[in-house]
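Read the figures in this text as sums done on the coordinates, not as results from a lab. Quick caveat, the model's predicted, so the values are computed rather than measured. Here the Cβ positions follow ideal geometry from the backbone for every residue, glycine too, while neighbour counts run over all protein chains shown.
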Amino acid sequence: MLGYRYPGDSCPLRIGSHAIIRAGTVIYADTTIGHRFQCGHHALIRAEVTIGDRCVVHHKCTLEGRIGVGDGVKIMAHVYIPSGTLIGSMVFIGPGTTFLNDKYPMRQAAPVQGPRIEDHVTIGGGATICPGVTVGRNVFIGAGSLVNKDVPPDTLAYGVPARHYPLPDSLSRGNLPELLLPQTDLWGSQSDDSWNK
Ligand SMILES: CC(C)(COP(=O)(O)OP(=O)(O)OC[C@H]1O[C@@H](n2cnc3c(N)ncnc32)[C@H](O)[C@@H]1OP(=O)(O)O)[C@@H](O)C(=O)NCCC(=O)NCCS
């Protein structure tokens, strides 16, 4: 279902050219998505979400609304992103990652504050990113990590809670455009070299 209306909505859903939207997905009104978007089955993207060009949201992801996502971002299956989360460009988010926005839920009425993920970050599968945390540019977060404090740029972070280590040379050059930007899928027949033009 595209452009799902809710009380108080003010503008339609906007999606750029060459989108691939798979069955079972629901995207609300008041959301704007760029060109060459692709999503899996049963993705949920609620209102007031802005997503840039060449982004992928795999199956069964939930984007709760009031979220910003840059260009060239790949969000793998079963990722949960609450309101107030900001994600930069050229970011990879591994499957089953959970972002959080409320440090003391139901015990304090403080405004929610989602994490901020800067450009070229990679987040391994099953990580948990705590409320209000900033993950700096080019950071690599290991699988299953609990990230409960800010991570400085160019850092390798892993563990529960995540500890910070120097980023090895082999991971230091940021996320590769040829891996993030083509609009292809394991089960699709399409090829896409337009990302390089
Ligand atoms: C963090 C990561 C990059 C480290 O890789 P690496 O530099 O090759 O490190 P190693 O595998 O040699 O492990 C080094 C040490 O860190 C530990 N370690 C590695 N990854 C860890 C993780 N995610 N959490 C906790 N400890 C970890 C290892 O057990 C090892 O400890 P030891 O020296 O006591 O034996 C990698 O393990 C990882 O988590 N990658 C993300 C994978 C992923 O989620 N992909 C998603 C798409 S499928």
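Please sort by residue number the trypsin sites (Lys or Arg not before Pro) in the stretch 105-139 whose DSSP state is loop and whose Cβ has at most 14 other Cβ atoms within 10 Å.
Arg107
Between the alpha-carbon centers of the stretch 60-109 and the stretch 124-197, tell me the distance in whole angstrom.
Using only Cα atoms to place each centre, the spacing works out to 14 Å.
Full extension from Arg14 to Met1: what is 0.36 nm times the residue separation minus their Cα-Cα distance, to one decimal in nm?
3.4 nm
How compact and how long is the stretch 1-86, expressed as Rg and Dmax of its alpha-carbon atoms in Å?
11.3, 31
Give, to the nearest whole percent, the P(r) tail of the chain beyond 28 angstrom, counting all Cα pairs.
Result: 25 percent of Cα pairs exceed 28 Å.
Out of the DSSP beta bridges found with both residues in the chain, what percent are antiparallel (nearest 5)?
In the chain, DSSP labels about 10 percent of beta bridges as antiparallel.
Can you give the extra length, in nm with one decimal, that the chain gains between Trp195 and His59 once fully stretched, where that is 0.36 nm per residue apart less the Cα-Cα distance?
Extending this stretch completely gives an extra 46.7 nm.
Starting from one equal scatterer on each C-alpha and no solvent at all, send me the Debye-based log10 I(q)/I(0) for the stretch 84-179 at q = 0.12, 0.18, 0.24 Å⁻¹, two decimals.
For the stretch 84-179 at q = 0.12, 0.18, 0.24 Å⁻¹, log10 I(q)/I(0) is -0.35, -0.74, -1.24.
Which value in deg cm²/dmol, rounded to the nearest 500, describes the helix-derived mean residue ellipticity at 222 nm for the chain, given -39,500 (n - 2.57) per DSSP H run of n ≥ 4 and division by the residue count?
Calculated mean residue ellipticity at 222 nm is -500 deg cm²/dmol.
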